[in-house]
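Participant: Input: one structure, supplied below.
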Amino acid sequence: MRDLFTFNNIELTLAGVTAGLFLVQLLYYLATYSRLLRESKRRSVEERYTQPPVSVIVYAKNESENLQKHLPALLTQDYPEYEIIVVNDGSTDESDDVLKTFENEHKHLYHTYIPEDVKYLSRKKLALAVGIKAAKHEILLFTEANCEPMSKHWISAMARNYNNETSIVLGFCAYGSHKGFFHKLVAYDNLMTGLQYISSALIRHPFTGNGRNLSYRKELFFAQKGYYKSLSLHAGDDDLFVNESATDRNTRVEYRAESITEMAKIERFSTWKEMKVSRAATHRYYKGSTLNFYRLESLSYIFFFLSAIATIILGIYGNWLISILAGLLYLIRFAVKATIFHKSACLLQQKPVTGWIWLLELIMPVFNLNDYPHDVR
């Protein structure tokens, strides 16, 4: 009978590869993705008594129902001086009527309109540029019509990060709790992406942001010549602009509960897929290697999973001890990731999808691999 502690070369090789990839995965989660949790324990609340005037810019296209639902949360913020500018991008629904009704009741709401027949490669960039030029104040705060702040102190939470050095403030937009596996997938993807850009910004390596909760100075926008560098792309009004403009000194990240916005339910898979393809089209233009660093995490997990499964199967027909060891490594790695993601989701005001992570992390790389269009221009 074969000695329990005797392994052949194939078993040793597979076990070694599995253990090595396990350590790589563990480093990603303990050193990188847990950064938000570590920072939240150390970070003291900074009370800023200066509250600069803020212009909130909201992009809307055929969003009459969302405007009706979400505008009240923007219009009733507890903040001394701010304006809401809604840029209506050629809407053919009742958006204009809804906005006029709100304007009659709220004098700090303004809206502008981009005619439907205007020809422009990126209508959203044109719309946002129009809104920025119309803004009265230096501090700009962006969100979209299908989002709303989860607190009446949203503007205050984002604006308090500004000092003499700060030009960009990155915020987080949570995805609401909805039934169905598709919504678990969207929530997981949203959390993963958020943790990546938040973690990087916390160590002064900001590389992207999300236009559903993003702030920067009007002066910075014009200094960077607006969206000039990405005019040939449909997307990039938020992530590419941050990637081009953010530095280790001019960017701060805000993640406290009152700073979070929440995105409305995505009704169709095709809508979410289109959003991912649009964002993926800009990825190849990112400067720096931060995005590739996070891609390697996903790639290393795929190899770890395959290696662990192969080791378990090999052990079943050989030395079962390596099957147990490979299984333990997989369970430890899952427990570490699930704990970090669960706590991070709670901190960022998003319902955790902890019980689904084992399946979501297997499926998500498939969607990400298919997100790259052949022609991104």
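Participant: Every residue in the range 204-262 that is more than 15 Å from the chain's Cα centre (by Cα), aromatic (F, W, Y) and either over 17 Å from T143 (Cβ atoms) or assigned to a loop (DSSP other than H, G, I, E, B) (or both), please.
Facilitator: F222, Y227, Y228
Participant: Related question: Here is a list: A174, A157, A201, A187. Which entry is assigned to a strand (DSSP E or B) and either open to solvent by 10 Å² or more (accessible area, probe 1.4 Å) or modelled with pLDDT of 95 or more (or both)?
Facilitator: Exactly one of A174, A157, A201, A187 is assigned to a strand (DSSP E or B) and either open to solvent by 10 Å² or more (accessible area, probe 1.4 Å) or modelled with pLDDT of 95 or more (or both), namely A174.
Participant: Follow-up question, since we're still on this one. Can you pull out every residue in the range 218-260 that is of a type in the set (V, I, T) and under 21 Å from A127 (Cα atoms)?
Facilitator: The answer is V242, and nothing else.
Participant: A follow-up question, please. Just the residues that are assigned to a helix (DSSP H, G or I) and of a type in the set (V, I, T), please, taken from the range 263-299.
Facilitator: The answer is T271, V277, T282, T290.
Participant: Tally up the residues in the range 130-154 that are touching a strand residue (DSSP E or B) at 6+ places or on another chain (Cβ under 9 Å) and part of a helix (DSSP H, G or I), please.
Facilitator: Residues meeting the conditions: 5.
Participant: Still on this structure: Scan the range 212-221 and give yes if some residue there is open to solvent by 40 Å² or more (accessible area, probe 1.4 Å) and out of contact with any Asp or Glu (no Cβ under 9 Å at 6 or more places or on another chain), otherwise no.
Facilitator: So far as the range 212-221 goes, no, none of its residues is open to solvent by 40 Å² or more (accessible area, probe 1.4 Å) and out of contact with any Asp or Glu (no Cβ under 9 Å at 6 or more places or on another chain).
Participant: Given the condition at pLDDT below 95, closer than 30 Å to S177 by Cα and not in a loop (DSSP other than H, G, I, E, B), answer yes or no: does some residue in the range 311-318 qualify?
Facilitator: no
Participant: Just give me the residues in the range 275-309 being hydrophobic (A, V, I, L, M, F, W, C) and open to solvent by less than 40 Å² (accessible area, probe 1.4 Å), in sequence order.
Facilitator: A280, A281, L291, F304, A308
Participant: A follow-up question, please. Give me the pairs: first residue in the range 204-225 and at positive phi, second residue open to solvent by 50 Å² or more (accessible area, probe 1.4 Å), beta-carbon distance under 6 Å, and six or more apart or on different chains, which are they?
Facilitator: From the range 204-225, the pairs are R204/D248.
Participant: Moving on. Write out, first by first residue and then by second, each pair whose Cβ atoms fall under 7 Å of each other, whose residues are 6+ apart or on separate chains, and whose first residue, in the range 9-26, is modelled with pLDDT under 90 while the second is outside any helix (DSSP H, G or I) and open to solvent by less than 40 Å² (accessible area, probe 1.4 Å).
Facilitator: What qualifies is E11/G318; E11/N319.
Participant: Is there a residue in the range 39-52 that is assigned to a loop (DSSP other than H, G, I, E, B), open to solvent by less than 50 Å² (accessible area, probe 1.4 Å) and in contact (Cβ under 8 Å) with a residue 40 or more places away in the chain?
Facilitator: Yes, because at least one residue in the range 39-52 is assigned to a loop (DSSP other than H, G, I, E, B), open to solvent by less than 50 Å² (accessible area, probe 1.4 Å) and in contact (Cβ under 8 Å) with a residue 40 or more places away in the chain.
Participant: Return yes when H106 is out of contact with any His (no Cβ under 9 Å at 6 or more places or on another chain) and surrounded by fewer than 17 Cβ atoms within 10 Å (Cβ to Cβ) and no when it is not.
Facilitator: Against the criterion (out of contact with any His (no Cβ under 9 Å at 6 or more places or on another chain) and surrounded by fewer than 17 Cβ atoms within 10 Å (Cβ to Cβ)), H106 qualifies.
Participant: If you scan the range 8-24, which residues turn out to be more than 14 Å from S300 (Cα to Cα) and part of a helix (DSSP H, G or I)?
Facilitator: N9, I10, E11, L12, T13, L14, A15, G16
Participant: Checking the conditions here, which among A134, A145 is more than 23 Å from I198 (Cβ to Cβ) and surrounded by 20 or more Cβ atoms within 10 Å (Cβ to Cβ)?
Facilitator: None of the other options fit; the residue is A145.
The values are calculated or read from the model by the stated rules, or taken from the named source; none is laboratory data. From a predicted model like this one, the values you see are computed outputs, not experimental measurements. With ideal geometry, Cβ positions are generated from the backbone for all residues, glycine too; neighbour counts draw on all protein chains shown. Accessible surface areas use protein heavy atoms only, side chains included; no ligands, DNA or RNA. Shrake-Rupley method; radii C 1.70, N 1.55, O 1.52, S 1.80 Å.
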